[in-house]
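Report on one structure; see the data block that follows.
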Protein chains: 2
Amino acid sequence: MSSKKEKTREFILDASYALFAKQGFNRITMKDICEAANLSRGGLYSHFSSTRELFEAILEKINQKEEMNFYEEMEQGISATQILDKALALMEDEMNHAEDSLSLAMYEYAGSGETVLMEHFNKMGEAKWTALIQYGMERGEFQRVNVAEIVTIILYAYQGVRMWSRIVPMTQETIQSIASHIRKQLIKEKKYNGI
Amino acid sequence: MSSKKEKTREFILDASYALFAKQGFNRITMKDICEAANLSRGGLYSHFSSTRELFEAILEKINQKEEMNFYEEMEQGISATQILDKALALMEDEMNHAEDSLSLAMYEYAGSGETVLMEHFNKMGEAKWTALIQYGMERGEFQRVNVAEIVTIILYAYQGVRMWSRIVPMTQETIQSIASHIRKQLIKEKKYNGI
């Protein structure tokens, strides 16, 4: 793909991300995206043929970015505690920005019967966290825990807050307790001198 | 309220619960509810003037029922462990029935700007769990924990699973890990001979 074409594609993804986050999946039309990205119909359709294709490209991009970090950092031998703290800080930041959440859009997208891709991403999330916790336990940094259980808590407590932050206002205390709880499960208190 | 009128009201609430759970809040009209409850327009409007009023009555009913149990049981001096186990079993049952979840409807209802009632229910949920955990700690049944943190985990891990169970299929293992994690936080292992 030429660099200019690639740039336009990225620009479309960013512009439509904002629309999906704000209004969900169902309400958004290709016309809305043309307007937001300041593109002609032909210009947009040369990149994406539907809002579905576009939304899936956004999910793909987010997921690739997030997944890469974990595995790359483990390969580089970075400490599990550091990887965890970075991930938790990112999660806190995301929980603090309800307006950027794609939760409603994912909900609506999945409601239209399209669960395969969501399942795939969910499994990737599980796999990534499972790998990090095992890595931390092998290095003696993390306590011996029931890995599947902690992964479940990480994924769904986070998702619960993200979803509910669009229903009720979230306090800083609530958001911080998620990260603090996860940290406590994994890191022995005496060893830990972080936040 | 006369007994017959009360019965019709309850019947309308049950019939519309199923509609809201299946289709969310936005799509449902008073006409749909007339059909589901087999009532004339006049019959329905003598009880509720809008889907909003109806939906709020459903939320109120669920919440009253759930709240009562906790406080009543504590007043009766029932053991905290027993109250907890009953509540966790109920939560597991609810997580196993994605199709009965009002999550999407609540999401849509709140999305229309109506957050006061949802905030109220959220606060009641927090208060109820806070009271139970404190009760359990006072009785020496529960470990000394950071109450606000554990309440956050309970509420949002549960909500995360309920919401996501409509996006991806949930395994029994995932659902059970939520309950098992909560139980472990509160109950000292040696003392606990439950599930």
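The values are calculated or read from the model by the stated rules, or taken from the named source; none is laboratory data. Since the structure is predicted, the reported quantities are computational estimates derived from the model, not experimental observations. Glycine also receives a Cβ, built like all others from the backbone with ideal geometry; neighbour counts cover every protein chain displayed.
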Set B:Leu117, B:Leu104, B:Leu90: member being facing another protein chain (nearest Cβ under 7 Å), within 26 Å of B:Ala18 (Cα to Cα), under 19 Å from the mean Cα position of the chain (by Cα) and of a type outside the set (Phe, Trp, Tyr)
B:Leu104
Assess whether B:Gly160 counts as being small (Gly, Ala, Ser), crowded, with 21+ Cβ neighbours inside 10 Å, at pLDDT below 95 and part of a helix (DSSP H, G or I).
yes
Kindly check whether there is at least one residue in the range B:119-130 that is without any contact (Cβ under 8 Å) to a residue 40 or more places away in the chain and outside any helix (DSSP H, G or I).
no
Single unsatisfied condition, B:Gln134 versus (1) assigned to a helix (DSSP H, G or I); (2) facing chain A (nearest Cβ under 9 Å); (3) touching a Phe, Trp or Tyr at 6+ places or on another chain (Cβ under 9 Å); (4) free of Cβ contacts under 8 Å to residues at least 60 places away in the same chain:
(2)
Regarding B:Glu99, is this residue surrounded by fewer than 14 Cβ atoms within 10 Å (Cβ to Cβ), out of contact with any His (no Cβ under 9 Å at 6 or more places or on another chain) and touching a residue at least 60 places away in the same chain (Cβ under 8 Å)?
yes
Test A:Glu149 against the stated conditions and say whether it is more than 21 Å from B:Ser165 (Cβ to Cβ) and either in a helix (DSSP H, G or I) or more than 14 Å from the chain's Cα centre (by Cα) (or both).
no
Considering only the range A:93-118, state which residues are of a type in the set (Val, Ile, Thr) and assigned to a helix (DSSP H, G or I).
A:Val116
Considering only the range A:147-157, state which residues are in contact (Cβ under 8 Å) with a residue 24 or more places away in the chain and at the interface with chain B (Cβ under 9 Å from one of its Cβ atoms).
A:Ile150, A:Val151, A:Ile153, A:Leu155, A:Ala157
Could you say which residue among A:Arg144, A:Arg139, A:Arg183, A:Arg166 is over 13 Å from the mean Cα position of the chain (by Cα), surrounded by 16 or more Cβ atoms within 10 Å (Cβ to Cβ) and at pLDDT 95 or above?
A:Arg183
Using the structure shown, decide if B:Lys86 is part of a helix (DSSP H, G or I), among the basic types (Lys, Arg) and under 19 Å from B:Leu59 (Cβ atoms).
no
What do you reckon, is B:Leu104 in contact (Cβ under 8 Å) with a residue 40 or more places away in the chain and either of a type in the set (A, V, I, L, M, F, W, C) or farther than 21 Å from A:Trp164 by Cβ (or both)?
yes
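Which of the following residues is modelled with pLDDT under 95 and on the phi > 0 side of the Ramachandran plot: A:Asn63, A:Asn38, A:Asn26?
Going through A:Asn63, A:Asn38, A:Asn26 in turn, the sole match is A:Asn38.
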Can you name the number of the only condition in (1) crowded, with 18+ Cβ neighbours inside 10 Å; (2) part of a helix (DSSP H, G or I) that B:Asp32 fails?
(1)
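Quick check on this structure: which one of A:Arg144, A:Arg162, A:Arg183, A:Arg139 is within 9 Å of chain B (Cβ to nearest Cβ) and at negative phi?
From the options A:Arg144, A:Arg162, A:Arg183, A:Arg139, the qualifying one is A:Arg162.
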Does B:Ser79 satisfy the criteria of being in contact (Cβ under 8 Å) with a residue 60 or more places away in the chain, closer than 28 Å to A:Gln23 by Cα and more than 9 Å from chain A (Cβ to nearest Cβ)?
no
Failed criterion for A:Asn69 (all others in (1) without any contact (Cβ under 8 Å) to a residue 40 or more places away in the chain; (2) part of a helix (DSSP H, G or I); (3) farther than 20 Å from A:Phe121 by Cα hold):
(3)
